[in-house]
Amino acid sequence: MDAIRFEHVTKWYGSEEILTNINLHIPEGKFFALLGPSGCGKTTILRLIAGFEQVSSGKIFLEEIDVTNVPVNQRRVNTVFQHYALFPHLNVFENVAYGLVIKGLPKQEIHDRVLRMLEKVHLERQAQKSIGQLSGGQRQRVAIARAIVNEPKVLLLDEPLAALDPKLKERMLVELIDLQYELKTTFVYVTHDQAEALAVADQMAIMNADGDIEQIGTPKQVYEFPNTSFVAQFVGKTNLFRGILEYINSKWYLLVSGLEPLEVSVDSTKSWAQAGHEILLSVRPEKIEISKEEEANFSNHIQARVDSIIYHGRATEYLVVLSNKKIITVFEQNEEHFARDVIVEGDTVNLYWQKDNALLLEK
């Protein structure tokens, strides 16, 4: 069952159309990520789900119930904001208990539910501390506990890790994944950080700068099989080649200006994948082998010159210039070729990839 469903939702702010005819299905009990560039409408979708904003047209359903015109306080939805919005004059326990107190629940029930929730987020020992005594990660967990203690059907997270340093962010991602798995609450996570989305999501939706949804799928589906060049470039890095598709001697090739023909794998179900059509080829940097030596058994082989090298610790990134002056990126895991000849800037190298490790995209 869908936890949330958008049917033909459009949202205007004055004369500006932010969302256009959005149809979206968010499955129940899953960790769902909304990924897209800043200003694409991700937060607007969250605010529409929460009821902070009203649709201009269309309908929103929460577990098959039409909540399009239902006020905020009658939706079983809670939100964790980027800046947490905690009450500085209340301690940790009181912040988490606030929503239950407003509901008028018995004191003992409030006490028991708050303590159980603080245990889940590993803050039971900080219950009596003031907010000012907490670290950034602890404050974020207080905000999550306060949102979840009300037992919402859906938890909305609006870039909740944006203010944290990289190591703390990595740890909090793991804690969020574990918490969602334990609670089975539907999490809707908004971010412009593709690494975050790939790490946490069971499913994800990719939005473009115009507020359109380009693709929905699992992280692996979106990364390995992007539907469009926008998705291929926004989720991770890729190298795009533009050329003409041709069928030569029982094989398919992409004819790219200034390069030898590139052998490709063609999906016959794609109506645009026909001989004579101009299309794109997406090759992920990690799918390309780089070597000073000549190797066999690869569908494609291109010579290039190393323009620059960036060392990332576990991997090395090479920017290489092809014979047609195009610059592409190659990633190499350092442990794979630790003992071989070192590649340096200015070297002539050979690039290889298998045709099945690249993907054709409509122009």
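The values are calculated or read from the model by the stated rules, or taken from the named source; none is laboratory data. In this text, all values refer to a predicted model and were calculated from it rather than measured experimentally. Cβ: placed from backbone, ideal geometry, glycine included. Neighbour counts: every protein chain shown.
Observations
- Within the range 144-155, residues that are touching a residue at least 12 places away in the same chain (Cβ under 8 Å) and closer than 9 Å to Val80 by Cα reach partners that are assigned to a strand (DSSP E or B) and not hydroxyl-bearing (Ser, Thr, Tyr) with beta carbons closer than 6 Å, at six or more positions or on different chains, in the pairs Ile144/Val80; Ala147/Asn78; Ala147/Val80; Ala147/Leu155; Leu155/Asn78; Leu155/Phe187.
- Scope the range 165-192; condition without any contact (Cβ under 8 Å) to a residue 40 or more places away in the chain and among the acidic types (Asp, Glu); matching residues: Asp165, Glu170, Asp178
- One residue from Gly29, Gly36 being surrounded by 20 or more Cβ atoms within 10 Å (Cβ to Cβ) and not acidic (Asp, Glu): Gly36
- Each residue in the range 276-320 was checked for being touching a strand residue (DSSP E or B) at 6+ places or on another chain (Cβ under 7 Å), among the polar types (S, T, N, Q) and farther than 26 Å from Val222 by Cβ, and 3 of them qualify.
- In the range 120-141, of all residues being modelled with pLDDT under 90, at negative phi and of a type outside the set (A, V, I, L, M), the one that is surrounded by the fewest Cβ atoms within 10 Å (Cβ to Cβ) corresponds to Ser135.
- With a requirement of 1 or more residues that are under 23 Å from Leu46 (Cβ atoms), the strands (runs of 3 or more DSSP E) lying completely within the range 189-282 that satisfy it span 203-207, 213-217.
- Qualifying residues in the range 73-86 (those that are surrounded by 12 or more Cβ atoms within 10 Å (Cβ to Cβ) and hydrophobic (A, V, I, L, M, F, W, C)) - the one farthest from the chain's Cα centre (by Cα): Leu86
- In this structure, Lys251 qualifies as over 27 Å from Ile177 (Cα atoms), without any contact (Cβ under 8 Å) to a residue 60 or more places away in the chain and of a type in the set (D, E, K, R).
- Filtered by the rule that a residue be of a type in the set (Val, Ile, Thr) and closer than 18 Å to Leu34 by Cβ, the range 145-181 gives Val154, Ile177.
- Here Ile60 meets each of (1) in contact with a helix residue (DSSP H, G or I) (Cβ under 8 Å, 6 or more places away or on another chain); (2) buried (at least 22 other Cβ atoms within 10 Å of the Cβ); (3) among the hydrophobic types (A, V, I, L, M, F, W, C); (4) within 13 Å of Ala205 (Cα to Cα) with one exception, condition (4).
- Taken over the range 157-185, the criterion of being at pLDDT 85 or above, loosely packed, with under 14 Cβ neighbours inside 10 Å and more than 22 Å from Ile49 (Cβ to Cβ) is satisfied by Val174, Asp178, Glu182.
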